[in-house]
Amino acid sequence: MRNLTYGLIGIAAVAVVGLGAWQFALKDEAPTPTAAPAAQQGQASQSPATGGNAAAQLAQAMPGDHVVGDPAAPVTIIEYSSLTCPHCAAFHAGTLPELKTRYIDTGKAKLVLRHFPLNEPALVAAKLAECVQPERYAGFVDVLFRSQAEWGVMQDPTEGLKRYGRLAGLSDDQMQACLTDGAIEEKILNQRLEGSRVFEINSTPTFIVNGEKVVGDQPIDAFAKVIDDKLP
């Protein structure tokens, strides 16, 4: 998990929602696997999401979201993650394949991928991910998580990320346009801001399962307990 601690990078996103200048508060840490805090080691936080109508709306797939699985699946799993978060990478490598087999591929649940960038490299990575073809998005995110220990510690992560962007079919001109596109940055930072404000997210990965919050890289059994309770 990552705790929020660093400076301004998204004033434009806050202007959209009228909250004034906002700050990234997430600690910029190299993506080196570490022992998960106690909250992540086998304990799913199952507190109801707060925020009334806003929470109910954001707990569903929204226009512009990236959805894995059947959009009509009865259970919606919203994942807020940062591409530089090692616990997010661990979830994608460990728990997600089983979650996909048991719930997503069977039409019981869908996964909605949302951004919660922890630092500047995560923001750059998210921008490039937003520019790949929609059908390649989930696979590209998976590749970035699997290669996180490589590009995430580079002196210039952008150059490392561009190598993967080229493999995903993006030209150098397309990537440059993505990295300077204010609308893309605004979308990413708004997702982070809304997750923090509506669901009180302060670490990654955090999941909202039909409105119920699950915090951390939990094992499949922790997810199964929450999902099974919400199936028709």
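The values are calculated or read from the model by the stated rules, or taken from the named source; none is laboratory data. Everything numeric in this text was worked out from a predicted model, so none of it was measured. Don't worry about glycine lacking a Cβ; one is built from the backbone with ideal geometry, like all the others, and counts go over all protein chains shown. For the accessible areas, the whole protein counts, side chains as well, though only heavy atoms, and no ligand, DNA or RNA atoms are used. Shrake-Rupley method; radii C 1.70, N 1.55, O 1.52, S 1.80 Å.
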Residue set Asp105, Asp142, Asp156; condition under 13 Å from the mean Cα position of the chain (by Cα) and among the charged types (D, E, K, R); output residue Asp142
Could you list, ordered by first residue, the pairs with Cβ atoms under 6 Å in which the first is in segment 166-187 and in contact (Cβ under 8 Å) with a residue 60 or more places away in the chain and the second is small (Gly, Ala, Ser) and open to solvent by less than 50 Å² (accessible area, probe 1.4 Å), at least 6 apart or interchain? Glu186/Ala13
Criterion violated by Asp221 - all others in (1) in a helix (DSSP H, G or I); (2) under 22 Å from Leu96 (Cα atoms); (3) touching a Gly at 6+ places or on another chain (Cβ under 8 Å) satisfied: (3)
So the helices (runs of 4 or more DSSP H) completely within segment 50-130 holding 3 or more residues that are at pLDDT 95 or above and of a type in the set (A, V, I, L, M) are 86-93
Those residues of segment 197-211 which are polar (S, T, N, Q) and either surrounded by fewer than 21 Cβ atoms within 10 Å (Cβ to Cβ) or under 18 Å from Gln60 (Cβ atoms) (or both) amount to Asn202, Thr206, Asn210
Within segment 149-183, considering residues that are more than 14 Å from Val132 (Cβ to Cβ) and among the aliphatic types (A, V, I, L, M), the one modelled with the highest pLDDT: Ala183
Per the list (1) of a type in the set (A, V, I, L, M); (2) open to solvent by 10 Å² or more (accessible area, probe 1.4 Å); (3) within 18 Å of the chain's Cα centre (by Cα), residue check on Val214 breaks on (2)
Could you please let me know if Pro134 is under 25 Å from Gln155 (Cα atoms), open to solvent by 10 Å² or more (accessible area, probe 1.4 Å) and out of contact with any Leu (no Cβ under 7 Å at 6 or more places or on another chain)? no
Qualifying residues in segment 156-190 (those that are over 14 Å from Leu144 (Cβ atoms) and not in a helix (DSSP H, G or I)) - the one most open to solvent (accessible area, probe 1.4 Å): Thr180
Of those in segment 66-95 that are without any contact (Cβ under 8 Å) to a residue 60 or more places away in the chain and open to solvent by 30 Å² or more (accessible area, probe 1.4 Å), the residue farthest from the chain's Cα centre (by Cα) is Ala72
